[in-house]
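Have a look at the structure below, then the notes.
Computed from the coordinates by the stated procedures, all read-outs in this text should not be read as laboratory data. If you're wondering where the values come from, they're calculated on a predicted model, not measured in any experiment. Heads up, the Cβs are rebuilt from the backbone with ideal geometry, glycines too, and the neighbour counts pull from every protein chain shown.
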Amino acid sequence: MTIETAPFRPVTDGSQPANNTPSYGSTLLRHPKQAALRIPHTITEATGPAFTAARFAAIPDLSVMNGRQAQGERIIVRGRVVDESGRAIPHTMIEIWQANAAGRYDHPGDQHDAPLDPNFHGNGRVFTDAEGWYQFISIKPGAYPWRDHYNAWRPNHIHYSLFGDGFAQRLITQMYFPGDPLLALDPIYLSVPDTAARERLIATFDLDITSPEWALGYRFDFVLRGRNATPLESA
Amino acid sequence: MSTATANQTIGPYWHLIEDPIWADLTRFGAQGERIVLTGTVTDGAAAPVSDAAIEIWQSSPEVSDSFPAFGRCRTDPAGSFRFVTLKPGPVPGPGNAQQAPHVAITILARGLLNGLTTRLYFQDELLNETDPVLSLIENEARRSTLIARKVALDTWHLDIRLQGDAETVFMEI
C-alpha cells in the first residue's frame, strides 16, 4: 500500500468556526488568545493512523441492544466520505455518538431530567467501503436543554469523529436534521461563519435511503481536507 | 471542488466512544523503548479541564500491526492524562532538516469548536536546537511550552495551558 505524504491544502476562510465564539460560553476560558503558529506539513501532519475493522469492531446498529429495540424513531444514515478534490476515502473509520430519543445521553455527566433507555447506549463505529460509502442504523436523537444561556436547547444532532488518512484531516463534527427550529438559535451550529458551510451540516431526508415500513433515511456526506498535488520534499 | 466539512465541538459526552485501553499504544505487543507521557490541561483561569479528549499521533516508530502510533486518553477531574507509548526517534523534515523526536497532540473538548493541535518534544534532545518547527518560535519561554520535562527514568510530563500566562503554542496545520 502506498502511503500518501503530500501536504494538505490550507483551510478555506470562513468554512470553520472561530474558537473564540462569545455566544458559546464554554469558549470563554478555553480558546487560545495567541495566534496559532503556522507550520509546514511534515510526515507527522501528512500521515495518520489506520484503523481496521479486524481490530476495531464495527457497531453499525445503535438501535438495538441485547436484541431489544431502543425507543424512538428508527433512522438509516448513509453517505460518502470524500476529500476536497472529490476523491473517495475508502476504509476509513467513523465514530458516532448521540443522545437517546428523549434527549438524554447515557453518560454520568448528563443530568437532564429525561428518561434513560435501557436498550440504547448511543455509540457506534462504521467503516467506509472501497468507494467511500458508509451507513448505520440508529434512532433520531431528541433535543435537550443546556446551560449556555437562558432557555437554551440543543437541536437534534449526532456527533461524528473521522480520521481520514492524515493527521491534518481529523474531523470532529455534528450532523443536524432538516427543518429544526432550534438551529437558528444554536450558538454551536451558528459558529460556522459561512452559510453554505454551515448548512452542509444538515442531513437531507432521502426517500431512496428510507426503508418501507421500517425506517426513515437521511443522507449525510463528509468532505475531508484535500492534498496538494506535490509530495513532501523529503518524506 | 468543495471545502472541508466544518468542525463542531466534541462536547462533554464524547466518553460514549471512549475505550481507556487506547491510552496504551504498546497494547498490541510493540517492542521498543517504552515510555510514559503524563500531562495536565488547564484553562484561562488555571482550572483543570476535566472533560477533554487528548489524542496523540507519532510518525516514529512507524505504524505497524503491533504499534498503532495513535492514542486517546481522557483528562480526569484534575485535568491529568497519561499515555504509555514508545519513544519516537528523529524523522525527516522540510529540505534536509531532521525533526527532533516529537509527538503530535490534538486537544478536543467542550468549548473548543475546533480541536487544538500542538506538539510534545523531549527535554535534553540535541535535535531540539535545530528542529524546523521549534525554530519557528523565537520566544524562548513560548518555545518551552512544548518541551516535556523528564520526571522519572521513563516518564516525561507536559502541562498544556489553553489560555493566559504561559499559554501553550498551538499550531495551524
Legend entry - Normalised contact order of the stretch A:58-224, rounded percent, pairs of Cα under 8 Å and 6 or more residues apart: 29 percent
Legend entry - Antiparallel DSSP beta bridges within the protein assembly as shown, as percent of all bridges there, nearest 5: 75 percent
Legend entry - HN-Hα J in Hz across the stretch A:27-44 - Karplus 6.51, -1.76, 1.60, θ = phi - 60°, x for Gly and Pro: 6, 3, 9, 10, 8, x, 9, 7, 5, 5, 7, 7, 10, x, 6, 10, 4, 5
Legend entry - Alpha carbon centroid spacing (whole Å) that separates the stretch A:107-128 from the stretch A:149-202: 19 Å
Inset, instruction - Show the residues, 5+ positions off or on another chain, whose built amide H is closer than 5 Å to the amide H of B:Ile147. - result: B:Tyr121
Inset, instruction - Tell me what chain B gives for mean residue ellipticity at 222 nm when only DSSP H runs of n ≥ 4 count, each as -39,500 (n - 2.57), the sum divided by the residue total, rounded to 500 deg cm²/dmol. - result: -500 deg cm²/dmol
Inset, instruction - Name the shape class, rounded, prolate or oblate, that the alpha-carbon gyration tensor gives for chain A, where a ≥ b ≥ c are the square roots of its eigenvalues, rounded holds for a/c under 1.5, and otherwise prolate holds if a/b is larger than b/c and oblate otherwise. - result: oblate
Legend entry - Charge dipole magnitude, Cβ of K and R +1, D and E -1 - the protein assembly as shown, Cα centre, debye nearest 20: 240 debye
Inset, instruction - Of the DSSP beta bridges with both residues in chain A, give the percent that are antiparallel, rounding to the nearest 5. - result: 80 percent
Legend entry - HN-Hα J in Hz across the stretch A:215-220 - Karplus 6.51, -1.76, 1.60, θ = phi - 60°, x for Gly and Pro: 7, 7, x, 10, 10, 8
Inset, instruction - Would you please classify the overall shape of the protein assembly as shown from the alpha carbon gyration tensor, given that a ≥ b ≥ c denote the square roots of the eigenvalues, rounded means a/c under 1.5, and beyond that prolate means a/b larger than b/c while oblate covers the rest? - result: prolate
Inset, instruction - Can you tell me the relative contact order of chain B? Whole percent, Cα pairs under 8 Å, sequence separation 6 or more. - result: 25 percent
Inset, instruction - Select from the stretch A:154-228 those chymotrypsin sites (Phe, Trp or Tyr not before Pro) which occupy a DSSP coil region and have at most 13 other Cβ atoms within 10 Å, ordered by residue number. - result: A:Trp214
Inset, instruction - Considering only A:Met65, A:Met93, A:Met175, give the residue with the highest GNM mean-square fluctuation for chain A, with springs between Cα atoms whenever their separation is below 10 Å. - result: A:Met65
Inset, instruction - With +1 on each Lys and Arg Cβ and -1 on each Asp and Glu Cβ, and nothing else charged, work out how big the dipole of chain B is about its Cα centre, in Debye to the nearest 20. - result: 200 debye
Inset, instruction - Among B:Ile105, B:Ile160, B:Ile21, determine the one that fluctuates most according to a GNM of chain B built with springs between C-alpha atoms less than 10 Å apart. - result: B:Ile21
Legend entry - Ellipsoid equivalent to the stretch B:14-161 - semi-axes via the Cα gyration tensor, in Å: 23, 20, 14
Inset, instruction - Amide H neighbours of A:Asp61 under 5 Å, at least 5 residues apart or on other chains, H built in the peptide plane: list them. - result: A:Ile137
Inset, instruction - State which stretch of chain A is the longest one without any exposed GluC sites (Glu not before Pro), exposure meaning a DSSP loop state and at most 11 other Cβ atoms within 10 Å. - result: A:1-130
Inset, instruction - Evaluate the charge dipole of the stretch A:58-224 about its Cα centre and quote only its size in Debye, nearest 20, assuming +1 on the Cβ of each Lys and Arg and -1 on the Cβ of each Asp and Glu. - result: 160 debye
Inset, instruction - Classify the stretch B:73-115 as rounded, prolate or oblate from the Cα gyration tensor: take a ≥ b ≥ c as the square roots of its eigenvalues, call it rounded if a/c is under 1.5, otherwise prolate when a/b beats b/c and oblate if not. - result: oblate
Inset, instruction - Return the loop-located trypsin sites (Lys or Arg not before Pro) in the stretch A:4-87 (DSSP other than H, G, I, E, B) with at most 13 other Cβ atoms within 10 Å of their own Cβ; answer none if there are none. - result: A:Lys33, A:Arg55, A:Arg87
Inset, instruction - Write down the percent of antiparallel bridges among all DSSP beta bridges whose residues are both part of the stretch B:14-161, to the nearest 5. - result: 75 percent
Legend entry - Farthest toward positive dipole pole in the stretch B:14-161 [+1 Lys/Arg, -1 Asp/Glu at C-beta], among B:His102, B:Thr75, B:Thr130: B:Thr75
Inset, instruction - Would you be so kind as to identify which of A:Gly109, A:Ala215, A:Gly72 lies farthest towards the positive end of the dipole of the stretch A:58-224, taking Lys and Arg as +1 and Asp and Glu as -1 on Cβ and the Cα centre as origin? - result: A:Gly109
Inset, instruction - Can you find, among A:Leu190, A:Thr21, A:Ile94, the residue farthest towards the positive end of the dipole of chain A? Put +1 on the C-beta of Lys and Arg, -1 on that of Asp and Glu. - result: A:Thr21
Legend entry - Amide H within-cut-off set for B:Thr155, under 5 Å, with H built and near neighbours excluded: B:Val36
Inset, instruction - Enumerate the lysines that B:Lys87 could reach by cross-link, defined here as Cα to Cα under 30 Å, with residues fewer than 8 away along the same chain left out. - result: B:Lys150
Legend entry - Vicinal HN-Hα couplings computed from phi for the stretch B:121-126 (Karplus, 6.51 cos²θ - 1.76 cosθ + 1.60; Hz; Gly/Pro x): 10, 9, 3, 6, 7, 4
